[in-house]
Each structure stands twice: as structure tokens, then as C-alpha cells.
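Quick notes on the structure that follows.
The values are calculated or read from the model by the stated rules, or taken from the named source; none is laboratory data. This one's a predicted model, so the numbers in the text were calculated from it and none came from an experiment. Virtual Cβ from ideal backbone geometry, glycine too; neighbours counted across all protein chains shown.
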Amino acid sequence: MSAHDVIAGLVVVQLAAPLASLVAIGLPALLGRPCGERTTTRLVGTGFASGFVAAFAALVLLVARGFRPEVVHVATWFSVGHHESTIHLVADALSMPYVCFSSGLCWLVNAFAGKYLHREPGFGRFFVLLALFGTGMNLMVLADSIDILFAGWECLGISSALLIGFFHERAQAVRAALRAFTTYRICDTGILAASVMIHRAVGSGDFERLFDLDWPHGQCLVPVGTATVVSLLLVFASLGKTAQVPFSGWLPRAMEGPTPSSAIFYGALSIHAGAYVLLRCGPLLDQSPLASWILVGVGGWTALHASLVGRVQTDLKGVLAYASMTQASLILVEIGLGWRIIPLVHVVGHAVLRSLQILRSPSALHDRHELEAALGGHVGADRQWVVGRLPRSWQQLAYRVALDRGYEEMVVVTAVAGPILRLLGRLAALESRWIAWLAGESSGRRP
Amino acid sequence: MIGTPSPDAVDHLLVGGLAAAVVAPLVGATLATQPFMARWVRPVAVASSSTSLVAALVVAGAWRVAGGQPFSTGPALGGGQAVFVDGLSAALLPYAALIGTAVLLVAPRRALDAAAVKGTLLGLSATLALFATAHPFVLLGLWFLTAWPTWRSTRGTPGGRAAARVFAIYMSAALGCMTVGTCLLVADPPWERPGGMMGACGGWFVAVAVLIRKGIVPFHSWYPALFSGAPMSTALMATMPQVAAYTAVRLLVGHAEDVPHELEWMSALALCTAVYGAALALVQRHLRGFIGAFSMSQSALVLAGLSGQLPLELTGAFCVWISSGLAITGIGLVSWALESRAGDISLDRLEGRFWDAPALAAFFLLFGMAAIGLPGTLSFVADDLIVAGSLDVHLAAGFLVIASAVLCGIATMRSWFHVFGGPRAPESPNHAVLGRERLSFTVLLASLFVLGVWPEPLVQSLEDAAEQILHVPFDDHPRPHDPPVPHPAP
């Protein structure tokens, strides 16, 4: 058995393990025989642990082989004529550390959530969605084609929205979930269109035909025009998942979900999914200064916006959401500047720290009291070094702008979403009147 | 040692299977209306539709064993024979029978009287017969036979007269156009005498008939009206099999080079309908309105793909046909089960039905996800194929398909959250899923997931059908940007 075969087997395990746990707990629940709490956490935990161990072993092998990328041809999913959808996965210097990190975090959060959600009515539902998320994450990270990457990306979006609306009896949670899903779905047009453009340009969705897989030194293999269009579409897709202006409104609301899911999604993995896609397609960005500068501009603006708005938040999760947004924006700036290793390190560092902060947030007061008891006095308040030195009138203006979240939502709702929905409402009303007239009714009611 | 079955034996099996598939619902309809069967209406109905399903699967298997070549027998006219089975029929026969069986399993007791069962089974039988013919006049007759039970059932429903009237107006127009168009096409077939005036007019009449029967803008108003006013079983059985799409395949798509303008117009209108229906689904105020607009959008996507001239587009359209049909049937049936317990469902507010019916919430969500392209379901494969197929020809068409998919996704999640999210309704009982409902939902879901994870056999079968319809041999698939393949002279 060659090293390639061993790595191939390990890569398949990374994908199959969380998927198997998803099926193992999802299918009995669907058939009306859900697993018990302990079985559920063990099954999901085993899936993530197996994924982590397999990824770590593959990483060791890759290091021993000098990080030479290995493409694993799992199967041809379906083919029509010359259009093939293949399941190709890649083990390289980007994907293996990322799977280690994501599977490891999911494993830890699984252990935390087993206790945190004990006897919660939606216990099984949470773990089904967590397993779906883990499977989608690994699928996205391991993907060697835009089609497979999109499949993973979709799983992330769906599980994220459903976990935001986990406490579905709360109207606010439901609205937040719908808002997040709408934003994701709008930005998904970018990745779908990119997929289409890639197929059109190179006749397949495989990344190997777009760029060398020698991450981070890969070279772009397509003309500048194609690289620019695909990069712009991928940047657009990333803006939604990474909560960049003008698509940032969903992130603070996303904290309506259970704390463990907030930690893993908006502190660690989901918020960085866009950054991962851009890192994976880095060679295309290198060929597209326009896309890179847009990334720097949007990321920089969002970082300023989020750091300003985050300072006036009155709840801890809101502060953490804006802090996450700030760091995710800075990561995009780094990617736009052409750096590759630094953003990856930034992603891992930020994800670990932020998950810990979010997981500890329910006991923040307790932690603070313990800290103060240990110090024997009050912990000093944060000093507003920059804002504190501004003139008073500027401070007041900044405060108002921050309280209104930079007027971003006002613009999106009043100038974009509102008019479109009103127009559609009028069309629907016209339809009803036309049907009523056809039906011989005078009231204008739909039959 | 088992030998290869002789061609005659396979042909007999095909004909026998077809006969059983079409006759079983008729027998069921006759039995169900007998007074002594009053207590056994559902078992009789389900048994007959299940027999039909098994027979349809036998036909599909026999067709595959026979080498996957089109099978035809009976009198021929206007380019089609009375009995005709190819890859498309082999896929659509079990598909229609499965929908019929699922509907009969889930139908609430009060909606399942002898008259309703009779209408459903007659409609199923006519639909199955239609899927096994390419003869223009047989198609015409079956158009009428498939529309009649829908109108009767809707008219007999309390509050359904208005919807029945709207349906009757549109279907009369469709049947009129279809009759004129078929006669003109048969009298002066454009594929035999290109450039003939009568044949050209016939093509346009048939195209308009297809547009009306498919609910394509601007002939779409019967679609939401039917979903609002008719029983869910009637609405689903009238729309999900998509008899107009099948007719378009047999009378127009198979002669694409002779009716190119008709197909172009159909494609353009269908794409607009796909986006318009999805947009309307976003602002619906009732669950049934959402299902109507959503299915209008999905069904239009099928026609948009059918109007293409590449096997890839056609295969994508066939896949969307089956995946969206199964998924929307699932959504409709779950909604019907919920309505039968909780009354009308509004989307204006959060109904909070999750607490009452968690299993129905799970099934609705899974069917919804399966309809909007959840990875691992057949609709993901279908979306991939139809987007790739339409983009190979027109970039704008591909982006309209994407826009429709995005809007449908948002509309589906909005409906789910509005129906199942929100505070628990006071004193609401727990609505457990009945065994027959769970069986029906599980089989539909399993079909969507199994075909999504392992789509190759279905896709191959549909691709064969697409190639045969377009007369494109396997190795001559046009690649993107290649000039269109010239069709052989008939």
C-alpha cells in the first residue's frame, strides 16, 4: 500500500466519519425512535474524533512528504456526456491543518454541548445539525472542485440558519434565522455563478484545472479575465458568510442560537468559511487586483464599522459578535493584500480565542467575580484610547452612528428590501384580483 | 444458469406491465365505488395504486433489460405510436404511480370518500397511459381525461367552485389549442414538409396549449387558484406529473429543428415564470399560496430545460421534473396532514406549530431542503445539470435559473419558519404522525436521497432518452461553444 493510498483512506475517513454519525442519529429520529442523550453525544463525538485523528495522521504523512499535495479521486458522482461531477478531495498544506482544527473544535464543542443542553427539548436536533455542519465543513475544506465545495457550503448555511432558529418559540430567533438564511442565499449566487463560470471556462469544476494545488505557492492556470470574474464572484459569496458590510446585519442577531453553536459558527468556523474559500482560490485572486482591492476595501470598512458598533453594544454576545466581525474583516484584508500564511494563522488563533470567549460568556459575571476576588480589587475598565481623544461633538456623532449600526440596516431595508417586497406584494394582490374576476367574484378575494 | 430473456418475452413483459399499471387504478376506482366496499376505500385505493407502482417498476426494469432502446407498438400517426416506452417513460411511470400512492396514503379520512378516490385513480390511470404513448390523438384524448377528474373534484369541494371555474376557463383554452394544433400538425407535419403554413401554425397552437397547461406566464392564474381551492390531492395529481411537459417532449422537442421558434419562446417564457413564481412565493400569505407559486416556478424550470437542444439540458430538465415533483408532493402532503389537524395555515404570522407537530416539521423541512437543492438529494444533481445545461447555451438563462433557485430557497425557509416557528398555540394538542403518513413521507424522502446519493442509473436512463429524443449519438455530445449538431433527416 503506497503513501498515497494511506492518505486517500484517511481523507475519506475525515469525510465519512461525521457523515456516519449524522446518519446514525438522524435516521432513528426520523423514524420516530431518537437516540438517548448519551448515545447521541457519543456517536457525534466519535465521528468528530475519528475525523480529527485521521486528519492529524494525514497531516503527519504530508509533513513527512514535504507537503506535496495529494488529490483523492473518490468517485464520479454522475456524468452526462462531457459534463462530469466528480468527487475529488485534496490533502494539502491548507486542507489538512484546517480539518484538524475544525474537527477538533467540533469535537470539543460536542463535549461541551452534551452537558450544556442536557434535557433541552431540542437536544437531538442540535446534534443532528452539528453533525451536518461538521460534515459540510469537512466537505468544503477537502473539496478539490467547486461543485463539492458548494455542497459543503450549502450544508453550512442550512445548519447555521436552523441553529440560529433553534429556540423557535422565540419570534426574535426565528426572524434572525430567516435573515441569516436570506443573506446566505443571496450571496450563494456568487458561488453558484462562479461554479458556472468555471465549468464554462475549463469544462469541469476541478481546481486542478484552475490553479496548481501547491498551496500557498500555486500558480493560476486560466486567463486573467476568467480569474477576475471568478474571483469577484467568490468575493461576493464570501461577503455574506463573513458578515461584511452591507451583509453584516445578520451576525449580531445570530447569537440568538444556543451558546455552543454560536461559538462554533460565529466565533470559529462558519464566519471564516468565506476566508477559507478565498485562501483556497488564492492563485485566482493573485491574478485579479480588482477583486483583491475590493476585498481590502470592504474588509477595511467593515473592520472600522464593527469595531465602532461593537463598543456600544450592551450585551456580551453582541460585543463578541462585533469582535468576530472585526477580526474576520481583518483576515479578508490580509487575504486581499496577497498574504496566505498569516490569514490562516489569524483564522486559527481568532477561532480558538473567540470560541472560548463565547463558550464562557454565560458565566462571564462569575468569571469576573473570581478574577476580582483573586486580584483583591476591581478589574480596570476598558480605556477608549482613540475615541476618548476625539472632540466631544465627534464622540457624540460616533456614538449615534454606532447605536444605529452605521445606518447599514436602514439603507438595506428602506432602499433595497422594502421596495422589492412592496412591489411583489402589489403583484400578488393584482394576481388575486385577476383570479377573483375570472372566478366571477366581485370582492377581489382569491378563491 | 439463467439465460438472457428472449426479446419476445421482454416485450410481453413490457406490454403486460403497462396494461397492469394502467388498468389497476381503473379496477380500484370501480371497486372503491361499490357500496360493500365503503369501509375499505383506502385499502382498495392504496392496493390498486401500489399494484400500478409495482407494474410501472416492472416496465422500467424490462425496458432496461431490453437494452434501453425505445419500445413501440400499435398504430402510428404524426411521428408517434400508440404505445411508446423510452427512458423518459420508464422513469415517469413509476414516478407518477409513486405520487398517486403517496397521495392516497396521506389523504385525511374525511377527504377520502369513494368519489374522491375514484377521481384520483381515474386521473392516475389516464396519466400513466399518457406517459406510455407518443400518438398525437391519444395524447389529445388523455389530456382531456386527465383534466376532467381535476375539474370534477375541485367543483365538488366546498368553496371550490371559483377555482373550478378558473381551471375550466384555462383548460378549455388549452384543450382547444391542443385540438387545433394536433390536427394541423398531423395534417401537415413540419418534419415531413418543412415550411408548410399549416404545420407551422399547428406547432404554435400546441406550444400555446403546453404553456397554458403548464401554468406559464401569462397563462398561469389557474395554478395558484387550484392550489387554493382544490383538495391538495387534486392539485398535486393535476400538476406534479406535468402532462404538458410530456406532450411538449413528444410533439415539439423531438422535432426541435422544425419548430425552433416555438421552443425559443417557450423557453423564454418558462424562465420568466420560474423567477416570477419564486418571487411570488416569497410574499404569499397562506401556505397553499406558497405551494402553488413554488410549484409553478419549479414546473416552469422543467419546460425551460426541455426547450434546449443539448442532451445535458434535457437530462437536467428531466431530473428537475422528478426531483421537484417528489419534493413538492412531499411538501404538499405534509401541509395537508397539518391542515387536517390544525385548519388553514397562515404565513402572515408565526404559527408555532413545531410544538404540536415536531415530526411534521422535520418532514416539511427535509422536503423543503430536498426541493431547493440540499446536497445529497436528487434536486442538487438536477440543479447542477440544468444550470450547466442552460449556461452552455445562454449565459443569461443560467443566471435566471440561479435567481429562481435562490428565491425559491428563501421562500421555502420563510414558510417553514412561519408555519413552525413562534410561541406555542395555547391548548394545542400534540399531532403525532400516523403510520401510513410516516410510510408515505419516508418513501418519498428515501427516493429523493437515494437518487441523490446514487444518481447515475437514473441520470443514464434520462440521458439515453434525451439522446434518442434529440437524435444525438452518445459520442457526439456537443461541448460548450461547439456548433449545434445537425439532425439527421427523418
- Message: Based on this model, can you work out whether residue A:397 counts as surrounded by 10 or more Cβ atoms within 10 Å (Cβ to Cβ), over 18 Å from residue A:303 (Cβ atoms) and not assigned by TED's automatic domain parsing to the domain that holds residue A:275?
- Response: no
- Query: When residues of the stretch A:185-205 are filtered for being at the interface with chain B (Cβ under 9 Å from one of its Cβ atoms) and in a helix (DSSP H, G or I), how many remain?
  - Reply: 11
- What single numbered condition from (1) surrounded by 24 or more Cβ atoms within 10 Å (Cβ to Cβ); (2) of a type outside the set (A, V, I, L, M); (3) more than 9 Å from chain B (Cβ to nearest Cβ) fails to hold for residue A:92? (1)
- Determine if the stretch A:316-324 includes at least one residue that is of a type in the set (D, E, K, R), touching a helix residue (DSSP H, G or I) at 6+ places or on another chain (Cβ under 8 Å) and part of a helix (DSSP H, G or I). yes
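Part of a loop (DSSP other than H, G, I, E, B), out of contact with any strand residue (DSSP E or B) (no Cβ under 8 Å at 6 or more places or on another chain) and within 10 Å of chain A (Cβ to nearest Cβ), is that true of residue B:407?
For residue B:407, the condition - part of a loop (DSSP other than H, G, I, E, B), out of contact with any strand residue (DSSP E or B) (no Cβ under 8 Å at 6 or more places or on another chain) and within 10 Å of chain A (Cβ to nearest Cβ) - is not met.
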- Qualifying positions in the stretch B:352-368 - among the small types (Gly, Ala, Ser), more than 9 Å from chain A (Cβ to nearest Cβ) and assigned to a helix (DSSP H, G or I): B:368
- Taking the stretch A:115-164 as the search range and keeping residues that are more than 16 Å from the chain's Cα centre (by Cα) and outside any helix (DSSP H, G or I), which one is farthest from the other protein chains (Cβ to nearest Cβ)? A:118
- Message: Regarding the stretch B:257-266, can at least one residue be identified that is outside any helix (DSSP H, G or I), over 15 Å from residue B:401 (Cβ atoms), without any contact (Cβ under 8 Å) to a residue 12 or more places away in the chain and β-branched (Val, Ile, Thr)?
- Response: no
- From the list B:410, B:386, B:469, which one is modelled with pLDDT of 95 or more and either of a type in the set (Phe, Trp, Tyr) or farther than 29 Å from residue B:105 by Cα (or both)? B:410
- Can you name the condition, by its number, that residue A:345 falls short on among (1) surrounded by 15 or more Cβ atoms within 10 Å (Cβ to Cβ); (2) within 30 Å of residue A:97 (Cα to Cα)? (1)
- Query: residue A:294 versus (1) modelled with pLDDT of 95 or more; (2) β-branched (Val, Ile, Thr); (3) farther than 30 Å from residue A:390 by Cα: which is the lone unmet condition?
  - Reply: (3)
- Task: Residue by residue through the stretch B:179-199, note down the ones that are assigned to a helix (DSSP H, G or I) and in contact (Cβ under 8 Å) with a residue 12 or more places away in the chain.
- Result: B:179, B:180, B:181, B:182, B:183, B:184, B:185, B:186, B:187, B:198, B:199
- Go through the residues of the stretch B:102-116 one by one and say whether even a single one is buried (at least 23 other Cβ atoms within 10 Å of the Cβ) and of a type outside the set (A, V, I, L, M). no
- Task: Would you point out which residue out of A:71, A:60, A:44 is modelled with pLDDT of 90 or more, under 23 Å from residue B:446 (Cα atoms) and away from chain B (no Cβ under 14 Å)?
- Result: A:44
- Out of (1) under 27 Å from residue A:151 (Cα atoms); (2) aliphatic (A, V, I, L, M); (3) facing chain A (nearest Cβ under 8 Å), the odd one out for residue B:448 is which? (3)
- Are there any pairs, at least 6 apart or on different chains, whose C-beta atoms fall under 9 Å, with the first in the stretch B:422-442 and on the phi < 0 side of the Ramachandran plot and within 13 Å of chain A (Cβ to nearest Cβ) and the second surrounded by fewer than 16 Cβ atoms within 10 Å (Cβ to Cβ) and hydrophobic (A, V, I, L, M, F, W, C), and if so, which? B:423/A:171; B:438/A:31; B:442/A:31
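For (1) part of a helix (DSSP H, G or I); (2) out of contact with any Pro (no Cβ under 9 Å at 6 or more places or on another chain), each residue gets a yes or a no:
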site: B:177; (1), (2): yes, yes
site: B:205; (1), (2): yes, yes
site: B:219; (1), (2): no, yes
site: B:225; (1), (2): yes, no
site: B:235; (1), (2): yes, yes
site: B:241; (1), (2): no, yes
- Task: Return yes or no: is residue B:403 farther than 30 Å from residue A:27 by Cβ, more than 20 Å from the chain's Cα centre (by Cα) and either buried (at least 24 other Cβ atoms within 10 Å of the Cβ) or not basic (Lys, Arg) (or both)?
- Result: yes
- May I ask you to verify whether residue A:236 is more than 10 Å from chain B (Cβ to nearest Cβ), modelled with pLDDT of 95 or more and at negative phi? yes
- residue A:25 passes all but one of (1) assigned to a helix (DSSP H, G or I); (2) touching an Asp or Glu at 6+ places or on another chain (Cβ under 8 Å); (3) within 14 Å of chain B (Cβ to nearest Cβ); which number fails? (2)
- Output yes when any residue across the stretch B:199-220 is under 30 Å from residue B:113 (Cα atoms) and of a type in the set (A, V, I, L, M), and no when none is. no
- Query: Within the stretch A:39-85, can you find the residues that are in a helix (DSSP H, G or I), of a type outside the set (A, V, I, L, M, F, W, C) and without any contact (Cβ under 8 Å) to a residue 60 or more places away in the chain?
  - Reply: A:39, A:42, A:46, A:50
- Message: Residues that are without any contact (Cβ under 8 Å) to a residue 12 or more places away in the chain, in a loop (DSSP other than H, G, I, E, B), within 14 Å of chain A (Cβ to nearest Cβ) and surrounded by fewer than 24 Cβ atoms within 10 Å (Cβ to Cβ): does the stretch B:303-317 have at least one?
- Response: no
- Mind checking whether some residue in the stretch B:369-385 is at the interface with chain A (Cβ under 9 Å from one of its Cβ atoms), at positive phi and part of a loop (DSSP other than H, G, I, E, B)? yes
- residue A:31 passes all but one of (1) away from chain B (no Cβ under 14 Å); (2) more than 30 Å from residue B:313 (Cα to Cα); (3) without any contact (Cβ under 8 Å) to a residue 60 or more places away in the chain; (4) surrounded by fewer than 18 Cβ atoms within 10 Å (Cβ to Cβ); which number fails? (1)
- Message: Tell me whether the stretch A:315-333 contains one or more residues that are under 30 Å from residue A:214 (Cβ atoms), polar (S, T, N, Q) and in contact (Cβ under 8 Å) with a residue 12 or more places away in the chain.
- Response: yes
- Give A:111, A:93 a once-over and let me know the one that is touching a residue at least 40 places away in the same chain (Cβ under 8 Å), part of a helix (DSSP H, G or I) and over 18 Å from residue B:369 (Cβ atoms). A:111
- Task: Give the residue, chosen from A:389, A:422, A:400, A:368, that is basic (Lys, Arg), over 30 Å from residue A:280 (Cα atoms) and within 14 Å of chain B (Cβ to nearest Cβ).
- Result: A:422
